[in-house]
Amino acid sequence: YDGWYAYVGSLEGYFASSMDMLSQEAREGLFDVKNRPILTKVRNSAPTKYKEGADVKNSFIADGCVIEGTVENSILFRGVKVGKGTVVKNSILMQDTYTGSDVTLNCVITDKDVTIRDGRHLSGHETMPFFVGKGVSV
């Protein structure tokens, strides 16, 4: 998939190339190649829990997540928790990000160990995502 190499060295580029990975073309280019296995680091984490009311569309969700809200067109790393009534769209939530209840995220990138408390609304734009740094609580 040639689009992956188009963006180098910027937060905007990371966001754009990551979002490109959610396209059918990119998935086929990476995962639908005969005689080329996909190997990952084994962590022996619990599988992701999709609780009652969870709604997930066109997203990559790693193991160990707990989803109670809505996740759409997003990438969630290991151990992410999406609270009840929370809507995550077009976002990248890195390892151990926690969102409380009734949070809205659009075009957001969180680093590791971020906490987004109840009722917060964070939004960027596809050309300028909103970034939350490592260990920050909002």
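The values are calculated or read from the model by the stated rules, or taken from the named source; none is laboratory data. This one's a predicted model, so the numbers in the text were calculated from it and none came from an experiment. Every residue, glycine as well, gets a Cβ built from its backbone with ideal geometry; the counts of neighbours run over all protein chains shown. We work out accessible area using only protein heavy atoms, side chains counted, and drop any ligands, DNA or RNA first. Shrake-Rupley method; radii C 1.70, N 1.55, O 1.52, S 1.80 Å.
Quick one: residue 29 ticks every box in (1) open to solvent by 100 Å² or more (accessible area, probe 1.4 Å); (2) at pLDDT 85 or above bar one, so which box is it?
Of (1) open to solvent by 100 Å² or more (accessible area, probe 1.4 Å); (2) at pLDDT 85 or above, only one is false for residue 29: (1).
Please specify each residue of the stretch 39-55 satisfying the condition of being within 21 Å of residue 92 (Cβ to Cβ) and at pLDDT below 90.
40, 41, 43, 45 - these are the residues of the stretch 39-55 that are within 21 Å of residue 92 (Cβ to Cβ) and at pLDDT below 90.
Could you please find all residues in the stretch 108-138 being assigned to a strand (DSSP E or B) and of a type in the set (A, V, I, L, M)? Working first, answer last.
Step one: of the stretch 108-138, the residues assigned to a strand (DSSP E or B) are 108-110, 115-116, 121-123, 125, 128, 130-132, 137.
Hits for the stretch 108-138 are 108, 109, 116, 122, 128, 132.
Every residue, every condition in (1) surrounded by 20 or more Cβ atoms within 10 Å (Cβ to Cβ); (2) of a type in the set (Phe, Trp, Tyr); (3) under 14 Å from the mean Cα position of the chain (by Cα); (4) modelled with pLDDT under 95, yes or no:
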{"position": "37", "(1), (2), (3), (4)": "no, no, no, yes"}
{"position": "57", "(1), (2), (3), (4)": "no, no, yes, no"}
{"position": "63", "(1), (2), (3), (4)": "no, no, yes, yes"}
{"position": "74", "(1), (2), (3), (4)": "yes, no, yes, no"}
{"position": "86", "(1), (2), (3), (4)": "yes, no, yes, no"}
{"position": "109", "(1), (2), (3), (4)": "yes, no, yes, no"}
{"position": "117", "(1), (2), (3), (4)": "no, no, no, no"}
{"position": "130", "(1), (2), (3), (4)": "no, yes, yes, no"}
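Need pairs with beta-carbon distance below 9 Å; first residue among the acidic types (Asp, Glu) and within the stretch 72-96, second surrounded by 24 or more Cβ atoms within 10 Å (Cβ to Cβ) and assigned to a strand (DSSP E or B); sequence gap 6+ or separate chains.
72/88
Here's the yes/no breakdown for (1) touching an Asp or Glu at 6+ places or on another chain (Cβ under 9 Å); (2) not basic (Lys, Arg):
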position	(1), (2)
34	no, no
39	no, yes
42	no, yes
59	yes, yes
71	yes, yes
109	no, yes
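Cβ-Cβ distance below 9 Å, separation of 6 or more or different chains: which pairs start in the stretch 9-30 with a residue that is charged (D, E, K, R) and end on one that is part of a helix (DSSP H, G or I)?
Filtered contacts from the stretch 9-30: 20/3; 20/4; 20/6; 20/26; 25/3.
Could we say that residue 105 is in contact with a strand residue (DSSP E or B) (Cβ under 8 Å, 6 or more places away or on another chain) and part of a loop (DSSP other than H, G, I, E, B) here?
Spelling it out, it is not the case that residue 105 is in contact with a strand residue (DSSP E or B) (Cβ under 8 Å, 6 or more places away or on another chain) and part of a loop (DSSP other than H, G, I, E, B).
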